[in-house]
Structures are given as structure tokens and as C-alpha cells.
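The structure appears below as C-alpha cells.
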Amino acid sequence: ELKVEQNPLFLSMQEGKNYTIYCNYSTTSDRLYWYRQDPGKSLESLFVLLSNGAVKQEGRLMASLDTKARLSTLHITAAVHDLSATYFCAVDYSGTYKYIFGTGTRLKVLA
Amino acid sequence: DTGVSQDPRHKITKRGQNVTFRCDPISEHNRLYWYRQTLGQGPEFLTYFQNEAQLEKSRLLSDRFSAERPKGSFSTLEIQRTEQGDSAMYLCASSLAWGHKAEKLFFGSGTQLSVL
């Protein structure tokens, strides 16, 4: 069974600082997604990573995928308050389109 | 609005009652997913449809749960004989996907179920 773990689970950071969220998964997959969820809201798709070495960037967020290490990272550059949210990674379980989500990283950016 | 819509937004029921939720996906989206999310956790996969065919169903899903997508458009999720452990946010998502191409899931706002 596929397990998806994220760390840290909680992250409190100052505005302007950089940080990285990690997503590890337990079985082979070549399709990984990152989502954002604001409190009381639904999920918003951020990135789709489809191959080893894939890197996607949008604004202050950059995601990468290392399929050999079964690891994805979401890097935050010069954080701003608007990035405060919970971030989830989701992995396609063996090409079944059954997406397994991590436990999430709750990010709080302090002004 | 062309987003994914779910109805109702909130449902309070007594233990043992049956409940049914509806999801209207984005039109022309061929895949539809149901997830369940409890506070502080990531969404948990329940099932998904390709058009009207139910292709995957979580082994964690008990026989009390059933989902349909009769004409490949809207979907319903029914929970029979609800239990307090069923209390959660039920999320629906849809996507337009062909073969193994990347798909982007669009999520609805969810139905919050509270079982008393």
C-alpha cells in the first residue's frame, strides 16, 4: 500500500525567509501533485510533476521531483503572509489514477 | 459558474440514518473522484469514475458506502446506516483526462457531514 509522508507537519516562518517542505512516498510513481488548501476552503491545484527531475515554478513556490529517491520538495522563497495555508502532496498509486494524499503541511507566515 | 458543485454544503444526521450527497462536475470532464477529509488530515481516496464506470474503490470503504454516476455526468454518494465515524468533509473532484496524460483535478467545496 502506498504511503505518503510530509514533513514538517507544521511550519511557522517569518516573512522573507526561505523554507522547504518534503514529500516522501513508499512505492514507485511518476506522477505527483501539489495542492494548496486555505482554512474552510477546498483544494487548489498548484503543480503537476510527471517525470524524474521535473521542476515547476510559480511565483515564490518551486516544486521538484526525484522519482529514484521517491521524494518531492516544495521550496518557498521569500515567504509572504498570503502563502499561509496547508499544502498537500498527492501521488498516483502505480498509475491507477488513485491519488494518495500526504498528511499536509500547515504553513503560517508571520508578518 | 463552471466549477465543481456539491450539494448540500452541510448535513447533520442521526446515527443509523441514510444520507446522499450529490456532485456536479465541470461539464465535459470525464473523470470524477470522491474523497473524504477529516480535520487535520489529508483527503482520503474513496472512489473514482471514468465516465459512468466506477474503476477504483478504496478497500477501506465499507459496504455501507455506494457511489453512482449513471449517465457519466453528476454523481451521488450514499452512506447507509451512518455512524459517528462517518463524520467528515466529503469532497468531489473532476478532471478531463485522456490515457496517461497529466490530469488536473478540480475540487468542489465539499459536503460537511456530522453524525450525531
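Remarks
- Rounded to two decimals, the Cα-based Rg/Rh of the protein assembly as shown, with Kirkwood Rh, is 0.97.
- Across peptide A:31-42, the average count of Cβ atoms from other chains found within 10 Å of a residue's Cβ is 3.
- Average beta-carbon neighbours from other chains, 10 Å sphere, peptide B:82-93: 1
- All other residues whose Cβ lies under 14 angstrom from that of residue B:68 are scored, Lys and Arg at +1 and Asp and Glu at -1, for a net of +1.
- For the protein assembly as shown, size of Cβ-based charge dipole, Lys and Arg +1, Asp and Glu -1, in debye: 300 debye
- The spacing between the stretch A:89-110 and the stretch B:10-53, judged by their C-alpha centroids, is 17 Å.
Rule-based calculations on the coordinates, nothing more; no lab input. Worth saying up front: this structure is predicted, and the values here are computed from it rather than measured. We place every Cβ from the backbone using ideal geometry, glycine too, and count neighbours over all the protein chains shown.
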